[in-house]
Number of protein chains: 4
Amino acid sequence: MAFHLPTYRTPDFTKLPFVAAPTVTFEKVKIHGVAPENYHATSIYPEYLQLKKKQWVLLKESRMDCVVVREKGWALNVKEFRHLKVGDLVALGRGENGEEGIYIHTGAFEFPWEKGEKFSFRSRFTRETSFSIDYDELYDLLEHDRDKGFIVWVLGPAVVFDRDAREAFVALIEEGYVHALLAGNALAVHDLEGALFGTALGQEIYTKRTVELGHYKHLDAINRIRGQGSIEKAIDEGFIKNGIMWAAVRKGIDLVLAGSIRDDGPIPEVIGDAYQAQDSMRVFARRATTVIALATQLHAIATGNMVPSYQVMADNRVRPVYFYTVDMSEFAVNKLANRGTLTARSILTNVQDFVVTVERGLGKRCE
Amino acid sequence: MAFHLPTYRTPDFTKLPFVAAPTVTFEKVKIHGVAPENYHATSIYPEYLQLKKKQWVLLKESRMDCVVVREKGWALNVKEFRHLKVGDLVALGRGENGEEGIYIHTGAFEFPWEKGEKFSFRSRFTRETSFSIDYDELYDLLEHDRDKGFIVWVLGPAVVFDRDAREAFVALIEEGYVHALLAGNALAVHDLEGALFGTALGQEIYTKRTVELGHYKHLDAINRIRGQGSIEKAIDEGFIKNGIMWAAVRKGIDLVLAGSIRDDGPIPEVIGDAYQAQDSMRVFARRATTVIALATQLHAIATGNMVPSYQVMADNRVRPVYFYTVDMSEFAVNKLANRGTLTARSILTNVQDFVVTVERGLGKRCE
Amino acid sequence: MAFHLPTYRTPDFTKLPFVAAPTVTFEKVKIHGVAPENYHATSIYPEYLQLKKKQWVLLKESRMDCVVVREKGWALNVKEFRHLKVGDLVALGRGENGEEGIYIHTGAFEFPWEKGEKFSFRSRFTRETSFSIDYDELYDLLEHDRDKGFIVWVLGPAVVFDRDAREAFVALIEEGYVHALLAGNALAVHDLEGALFGTALGQEIYTKRTVELGHYKHLDAINRIRGQGSIEKAIDEGFIKNGIMWAAVRKGIDLVLAGSIRDDGPIPEVIGDAYQAQDSMRVFARRATTVIALATQLHAIATGNMVPSYQVMADNRVRPVYFYTVDMSEFAVNKLANRGTLTARSILTNVQDFVVTVERGLGKRCE
Amino acid sequence: MAFHLPTYRTPDFTKLPFVAAPTVTFEKVKIHGVAPENYHATSIYPEYLQLKKKQWVLLKESRMDCVVVREKGWALNVKEFRHLKVGDLVALGRGENGEEGIYIHTGAFEFPWEKGEKFSFRSRFTRETSFSIDYDELYDLLEHDRDKGFIVWVLGPAVVFDRDAREAFVALIEEGYVHALLAGNALAVHDLEGALFGTALGQEIYTKRTVELGHYKHLDAINRIRGQGSIEKAIDEGFIKNGIMWAAVRKGIDLVLAGSIRDDGPIPEVIGDAYQAQDSMRVFARRATTVIALATQLHAIATGNMVPSYQVMADNRVRPVYFYTVDMSEFAVNKLANRGTLTARSILTNVQDFVVTVERGLGKRCE
């Protein structure tokens, strides 16, 4: 069966309540980083602002819990509070149905299952949920978005602790299923430790034998990469010859490594400032059509916060953004599933098996 | 690499402390089901009793937390307390090094990793443990034991909630990797519900669509099988045409369904009495060389209680019994890993992925 | 604030659709333990059957997933399938709104929060849910039901592994907050091990020091109680002098110990047959007004299966049955919370802290 | 019973292998932030360096995975790699028993339980571990360290989601049991949301009723505090009148709020740069005698990384640092328990109950 994206339902602004709605009001920022009272906060849904009478403008590259700023030329920019500058014009109003010139379009997509077709809606996932269809859907989606979308992976370090998972993820990169990679210092460190010493936290990756002075291995890896100046240089100079960092750099994949207070080192490419890291992540969140977050609450929630439920494509068509969370704990995945969007999916399993299964599943199709 | 079982280290009973050890003492049971004071309780390890001077006899088909009864003809029988009859001769003594004529052989096997080879010892497993080698070892082991061992699977109902996992398990049965199956009423009910209605708890297994009057489906399945008289009859008469019960019955696999207080029904084959069910399970536990327990604490612990760490084969060679627990929770698997045996392994993952991965992994080898 | 039970909304059977509804049909059982096709299966909700025109009869002592049998004299009996006898008259029909003479009353109670009062509805509980109000509500409820209800506790063995929790639960028994106790062999064994040796699984309960030959302690406890003939005799003869079994027997509390395939022993009072154990549990489930299940999936689900959401009191008033599940895992509590009743509550915490907190909280009120 | 700290075993450097050991070697840093090859990495244990013959110097304010720099005047400074400057003299050597002039003192403390006393060693904690003694020990410890130590709390946001826990923690602050508080933006945000609106994430804290426009509450809280300029100003000006931030600021408690990529806002006091935040946290980690980390993996692991197992007091006595982790998940607490120190303790429970129980337990003693 050919894969089809769900249809976007463009609102009919020639009808009520829209024709009776006022235009949206803006107010100037008076203190740097502080929004005026009664600011409108964005959601994950498509939102329209009536800028001039009968002119409803859809926000692009939105994200939740931000404010809308009207730039020069009346372009709309979804901005974090901390980026507000004195004089910025912030949209006001908390009504969601046009009362204040803002419309939040919660039922934007017509999903196949609404017509009794293949996909079905499930809001709750537990370890006993059946996931066969979710894998099959994901294969369809990844094949589609490899060429026509932008696939963002968010990785916790568990992916590089296992040989098969690490190799499968390298294969996914090489096969084109990874457009951007968001992770932390630990993922890079243990992947590079693997490349340099064949170990993860001092244990051989496959045999799990503890090597001599094993507790030095990740520190040695960090110190050597710092000595080289950057991951990229280390790879260019042939110092690093395998693994996820190696594959990502060689393939030219967009990479953001965000720092955290747990880090040793850090590795040079890691962005130490959390908010600067958010800005770098959002560059790719703005383009995402599919996000897959593996075994990391910190990075998964951070990414979830900045990815809306829809994407306006180059040809102005509107499509959903799919968001997968893979984790072992119901508690962890439900934190994200609670986004309340129909395109949030959770798979409860070990990410090692998930990555291996996805890589095999996609491979079988290509044969 | 050819798979080799670890070597058994036969104790040298011509040396101290054995040559100085007394013979073991027995005392008669006075109350049905009650052992005499100072009874010896068995462990999971190979145990030897010195019956007559210089005659050390290895217990066969042992299990932990039982007593040793000397039958007529001096045969030794490892018996549950509840089976003790008045007059039974029970071995006494709590010393473990021959002091009372009993020797518990805790370091019985010479594992490859002790010689720096492939397998390595890991006592603790978490979701971040690398499992690639464990899968590879398991493939080796299953191929070996398919012909030369006895493979017991212990299944929780999660295996039949997912289409791919259910089909993969059927394939494992058909390929000969399943010799005995221990489970509960729920596994049978949901598997049969799947065969009859294509649902599990009223949801279509693959699409997860809820069917009309879905909450009746498992009750209807139970009621119809009860109407047929038994699972076996329902299969013989072509009433059930797919699934794990169907494959197991057609293949003639040993099957024990043990009842529990959670059960609806039950399905006719289910053994309602917990201790009678234990007896039926132990028939196969006595023969087990490999046990794989999937997503069931109740049945996994029950089986773990009755499977020793060694098996005396037909040719009197002694080999280890491997015990795998697969579950999503560290708490669950550690309950079993705490058996303290080198052949207990845990894999932290969703059993859906586990079954699919194992079936594919074995398949790839056969090609 | 005085505690009030929510008001029961008696359906108005003088209106549509009831006045147009037929009387319910019954069909005879032809095979022992098998219901006729199109049997009606009960739910957790109040259900009315129109036996004769204008005579709608409310099921008493109902439980879900059973059938309704019309006894002699037209009394209605909610019966497990396995108890069906040839000739039993079973109610037919799967319509829930009177179409076949059966009405399932899902919105039966008017809860205070529907009127904007204290209690509020929450269907989902995680470890981050705020539980202060749930504790306060529980204190109100336990005080009310101590005298005017029937409080059933369902205990996993974790409650007796901790000194403070074990003592707090004994206090709850002595203060009258426990009317029936449902548990398994393990709870009794480790409680009695504590009474006899001051240990749990061979560790001193408070200091956690492992005692010599500690692994014999629970077997010795079982063997000695078996030697005494029963827990009750062991207590009567002063052999057991503290703990939950001791307090329960002395206080004359209703006690059901249900066997399982995990059991060692068992202790004499344990009921080995799962379905006979269900019958014994249901005697108290029929009377329950509040159920509190602590750290046991097996017994909690078993009890949940047999407790309806309402209770018809002696004076014919209808009140809700409250059902609390306390566990560490979202997965475990959600299995029960999914009952879909407004009176199911989950508290995510360690039962040790829960029992201690509840005992202190009730104590403070009595001062 | 009076509480006693375990005795420190000062090594006897007049004996072998110490008298035969060389002095430690240092090498200059050539690249900023990069240690010379063969650098010595610190552990959590007391470590001695032989600077001159017979002069073994104990590291003060150590932390693991750092290097030792010899400052002017031969003072030793345990420094993160990223702080290394060109020319810094870094200690070399990976031997741990004096071979290279470095001695790691792993068995430094004589704990009471080694002499058969109250405390006992437990390396593994599960939800079924008995925690009564751990609470009692903690009360002793907190009373002792309130006056004679430095108690650092590390808080996840769950503590402020519950009314009783929030109030109990405020009481702990006011009673003097909190010397430093390490947390993230979310803890502050939800605590301040509580103070401003009585809600947490838009739900009333006690009743859990969702208020109108509830999803704006945490954003409004952030925006208003940003408008005030800082938490401190907001409190000074009477804008914030209750809660943990309020109590901490009024009591003058040391506070570090570390930013993360999940943050909205942030609140002005939050340190955005992860490594600058580490530096601020380490100021208090250097002084810690007891650390209690509640329901936060990120901050708990970050703090665990920088707290050694010992503290050199003002009078040069050496005492252990106690490190408690409280969480719902075995996986989470074991990450920290794996530090391999005898003073790491885990309590598996909901932090709401933990905080309330500790506050009550301490209160009872003071009466």
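The values are calculated or read from the model by the stated rules, or taken from the named source; none is laboratory data. Everything numeric here is computed off the predicted structure, so don't read it as measured data. Backbone-built Cβ (ideal geometry, glycine too); neighbour counts: all protein chains shown. Calculation scope for accessible area: heavy atoms of the full protein, side chains included, ligands and nucleic acids excluded. Shrake-Rupley method; radii C 1.70, N 1.55, O 1.52, S 1.80 Å.
For the reader, a short list of remarks on this structure follows.
- Positive-end residue, chain C charge dipole about Cα centroid, Cβ charges, pick of C:Phe150, C:Ile225, C:Phe111: C:Phe111
- For segment A:295-338, the pair-distance distribution built from all alpha carbon pairs, in bins 10 Å wide starting at 0, is 27, 45, 22, 7 percent.
- Those trypsin sites (Lys or Arg not before Pro) in segment D:68-106 that DSSP places in a loop and that have at most 14 other beta carbons within 10 Å: D:Lys85
- Dividing the radius of gyration of the alpha carbons in segment B:139-200 by their Kirkwood radius gives 1.02 for Rg/Rh.
- Helix content alone sets the calculated 222 nm mean residue ellipticity of chain B: runs of n ≥ 4 DSSP H residues at -39500 (n - 2.57) each, divided across all residues, give -9500 deg cm²/dmol.
- Size estimate for segment C:191-319 follows the Kirkwood approach: the inverse of mean 1/r over distinct Cα pairs works out to 16.6 Å.
- This model, with +1 at the C-beta of Lys and Arg and -1 at the C-beta of Asp and Glu, gives segment A:173-318 a dipole about its Cα centre of some 220 debye.
- Beta bridges per DSSP with both ends in segment C:164-308, % antiparallel, nearest 5: 35
- Over segment D:255-305, the fraction of Cα-Cα pairs per 10 Å bin, rounded to whole percents and listed from the shortest bin up, is 23, 57, 19, 1.
- Inter-chain neighbour count for C:223-236: the average number of beta-carbon atoms from partner chains within 10 Å of each residue's beta-carbon is 2.
- The GluC sites (Glu not before Pro) of segment C:198-275 that meet both conditions, a loop assignment by DSSP and at most 12 other Cβ atoms within 10 Å of the site Cβ, are C:Glu212, C:Glu237.
- Debye intensity ratio in log₁₀ form over the Cα atoms of segment D:159-239, taken at each q of 0.11, 0.14, 0.24 Å⁻¹: -0.30, -0.48, -1.22
- Applying the criteria of a DSSP loop state and at most 15 other Cβ atoms within 10 Å to the GluC sites (Glu not before Pro) of segment B:1-48 yields B:Glu37.
- By DSSP, the beta bridges lying fully in chain C are antiparallel in about 55 percent of cases.
- In this simple spin-label model, placing a label point 7 Å from the Cα along the Cα-to-Cβ direction at both B:Glu232 and C:Glu143 gives a separation of 6.1 nm.
- A:His4/A:Lys251 FRET efficiency (R0 30 Å; Cβ-Cβ; nearest 0.05): 0.55
- Peptide C:347-358 has a mean of 6 when you count, residue by residue, the C-beta atoms of other protein chains within 10 Å of its C-beta.
- Normalised by the number of residues in chain D, the mean separation of alpha-carbon contacts (under 8 Å, six or more apart) gives a relative contact order of 18 percent.
- Chains D and C together bury roughly 3300 Å² of accessible area, counting both sides, with a 1.4 Å probe on protein heavy atoms only.
- Rg and Dmax [Cα atoms of segment C:1-153; Å; Rg one decimal, Dmax integer]: 19.1, 55
- Among beta bridges that DSSP assigns inside the protein assembly as shown, antiparallel share in %, nearest 5: 55
- Positive dipole terminus of segment A:204-277, leading residue within A:Ile235, A:Pro268, A:Thr210 (C-beta point charges): A:Thr210
- The alpha carbons of segment A:80-225 stretch over 68, 51, 31 Å along the principal axes, in descending order.
- Per-peptide packing, taken as the mean over residues of other Cβ atoms within 10 Å, places A:191-201, D:132-142 in the sequence A:191-201, D:132-142 from highest down.
- Nearest-0.05 FRET efficiency for C:Glu110 and C:Val283, computed from C-beta distance (R0 25 Å): 0.25
- For segment B:261-367, size of Cβ-based charge dipole, Lys and Arg +1, Asp and Glu -1, in debye: 560
- Stokes-Einstein D in µm²/s, Kirkwood radius over Cα pairs - segment B:1-56 at 25 °C with 0.890 mPa s viscosity: 169
- Heavy-atom accessible surface of chain C, averaged per residue, reaches 36 Å², computed with a 1.4 Å probe.
- Here is the tail figure for segment D:239-281: Cα pairs spaced more than 17 Å apart come to 41 percent of all pairs.
- The convex hull built on the alpha-carbon positions of the protein assembly as shown has an orientation-averaged projected area of 58.0 nm².
- Total charge dipole magnitude, the protein assembly as shown, about the Cα centre, Cβ charges on Lys, Arg, Asp, Glu only, Debye to nearest 20: 0
- Normalising the average separation of contacting C-alpha pairs (under 8 angstrom, six or more residues apart) by the number of residues puts the relative contact order of segment C:136-226 at 25 percent.
- The protein assembly as shown, accessible surface, carbon-and-sulfur percent (1.4 angstrom probe): 50
- Our summary gives segment D:158-307 a relative contact order of 26 percent, counting only alpha carbon pairs under 8 angstrom and 6 or more residues apart.
- Spread over its residues, the convex hull of the C-alpha atoms of segment D:41-110 is 95 Å³ per residue.
- Kirkwood Rh and Cα Rg combined as Rg/Rh, chain D: 1.01
- Cα pair distances in segment D:252-367, grouped into 5 Å bins until the bin that holds the longest one, percent each: 2, 10, 17, 18, 20, 19, 9, 3, 1
- Among B:177-183, B:291-297, the peptide with the highest mean count of other Cβ atoms within 10 Å heads the list, and the full ranking is B:291-297, B:177-183.
- Test item: D:24-37 mean partner chain Cβ contacts at 10 Å: 2
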